[in-house]
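The values are calculated or read from the model by the stated rules, or taken from the named source; none is laboratory data. Keep in mind the model is a prediction, meaning the values are calculated, not measured. Methodologically, a virtual Cβ is constructed for each residue, glycine included, from the backbone with ideal geometry; neighbour enumeration extends over all protein chains shown. For the accessible areas, the whole protein counts, side chains as well, though only heavy atoms, and no ligand, DNA or RNA atoms are used. Shrake-Rupley method; radii C 1.70, N 1.55, O 1.52, S 1.80 Å.
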Amino acid sequence: MAKKPRIVIIGAGMAGLTAANKLYTSTGSDHLFELVVVEGGDRIGGRINTSEFCGDRIEMGATWIHGIGGSPVHQIAREIHALESDKPWECMDGFSGEPKTIAEGGFELNASIVDPISTLFKNLMDFAQGKLTEDSAGSGGDACYYNFAAKAALKDCTSNGGFGNQSVGAFLRRGLGAYWDSCKDREELNGYGKWSRKLLEEAVFAMHENTQRTYTSAGDLFNLDYEAESEYRMFPGEEITISKGYLSIIEHLASVLPPGVIQLGRKVTRIEWQPEGHKSIQVPNGYDSRPVKIEFCDGSFMLADHVIVTVSLGVLKSGTGQDSGMFNPPLPPFKTEAISRLGYGVVNKLFLQWSPNGNRPANDKEKFPSLQIVFHPPESELRHEKIPGWMRRTASLSPIYNNSSVLLSWFAGKEALELETLSDEEIINGVSATVSGLLPVSKHNKEDKYNSLEFCNGNVESCDDNGVRFGKVLKSKWGSDPLFLGSYSYVAVGSSGADLDTMAEPLPKLGSTDSDHHPLQILFAGEATHRTHYSTTHGAYFSGLREANRLLKHYRCVGI
């Protein structure tokens, strides 16, 4: 009897398990294929990793369903009743209400300072993402006022040779400059210490840039391609978290697979394939006609007719370099060049347990506020010396839901990598110094603690009952994890959406030379292979479906 085609899926994350689920559940396909999922780690989920911290359910990786309208992740979560739970979970009440914006030195900024810059930034990003154009922009009122800056930035870019190799970061800064040019000779602010109006506006703008860095994983927005930004697509509707954890989606996808299909602790070190012609592979009992050989770190190997590679773009970047040998022979130049050009960044989450008064529960007046943080630049002479540089590039510090004693901060780029190297004590000291520099404490009027004149001076333990104390720390380490080497992809300056399409192309292609006998040896899935939904779990989901359907179509076409 002819052997069943063996399909090996590398990676048990969203893309890999979606592909496995589709291949196994398609009509009759459980008798058509021999299916194996190999995972290098000791768990399924990939960059989805639901955990618990201080009694609350949290997400170490993927957190949000980005729009519920048409999202396959939302549809699955609804079908398996994962959207409701009696157990507290991260962001169970959305974004925890209206945040306070606090500038370094303990100044709470009022809406008249924050809102114009926030509106400007949003409009600039809407222009960059194609949601707003010169024709669709408002013609009067505040909308016109803020759109003027975006239009001026557009005009500046186009008058300087168009948007070729232009970055989102450069466009944003041109917009801020145009905004300042349009509103000169304004009155200076009073009551904000050494902060001038322009310094505050630039710092609020930088705060939004730091948030955008975590959205995109671009450590520097000057590396984020402007033209490709408008190709990215979001689903309509609200953004929500999954109360029973993102892992519930993964477990649902895996639940249909028979025992033994998913093999943990099987880290792949080498993939041998045959792009030109075909020869049988020698095995201990003779020869095997399967064209792909997968080698593992323990020295074992597995043969396959088709391999779906779902490893991260970071792993592909490290495995396709000049001195590495993940693929033998190496991938063709069109594939390696796309891998090299695309961006892939690091985003990490920092969770801290907060206790305002030792072990005594906090009352309503002592609850930690949801903070947006505005800093002086790291090189400024006005900066608080005890606030570490890695804290200066985060944009927020907030409870994970309204009544939680767990706080969360997001980090991107080199600060995210630095965070991974810090001890818990260093982190607690750094965050404590930051909070002390942001939240002045009044011993005379506890209701007015944001506008008082008496500060903690970086020594949290010496504060009165308003003192802030941190206990446990938990952080993600996506950058240093060898199975991921980062968080998610972005389109870097010098690359384009076409590179994402190139990432998705199988090898050898159908119809290529000598491929008719053994086509589709290596297929690629994962968030970095989807042109319009890269960097998301639903993009990974769609890519897994795409490659499963590619193989189903291939075999149905040849009558098996």
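When you count the other C-beta atoms within 10 angstrom of each residue and take the mean per peptide, 37-43, 81-87 line up highest first as 37-43, 81-87. Projecting label points 7 angstrom from Cα along Cα→Cβ for Asp126 and Glu379 puts them 3.4 nm apart. The simple spin-label model puts a point 7 Å past each Cα toward its Cβ; for Gln75 and Ser300 those points are separated by 3.6 nm. What you get for region 65-109, charging only the Cβ of Lys and Arg (+1) and of Asp and Glu (-1), is a dipole of about 160 debye around the Cα centre.
Structure shown: which of Lys349/Lys509; Lys386/Lys472; Lys244/Lys414; Lys131/Lys194; Lys22/Lys293 lie over 28 Å apart, alpha-carbon to alpha-carbon? Could the numbers behind the result be given before it?
Working: Lys349/Lys509 40 Å; Lys386/Lys472 21 Å; Lys244/Lys414 32 Å; Lys131/Lys194 38 Å; Lys22/Lys293 24 Å.
Lys349/Lys509; Lys244/Lys414; Lys131/Lys194, as the Cα separations exceed 28 Å there.
Given a Förster distance of 51 angstrom, what is the FRET efficiency for His252 paired with Ser112, based on the Cβ-Cβ distance and rounded to 0.05? Don't skip to the answer; put the middle values down first.
Values: r = 48 Å, r/R0 = 0.94.
Working from the Cβ atoms, E equals 0.60.
The magnitude of the dipole of region 185-295, with charges of +1 and -1 set on the Cβ of Lys/Arg and Asp/Glu and taken from the Cα centre, is near 800 debye.
Taking a 1.4 Å probe, which of Phe334, Phe296 shows the most accessible area, and what order do the others take after it?
Numbers: Phe334 75, Phe296 10 Å².
Ranking Phe334, Phe296 by accessible area, largest first, yields Phe334, Phe296.
Remark on region 1-118: Rg and Dmax equal 21.8, 78 Å (Cα only).
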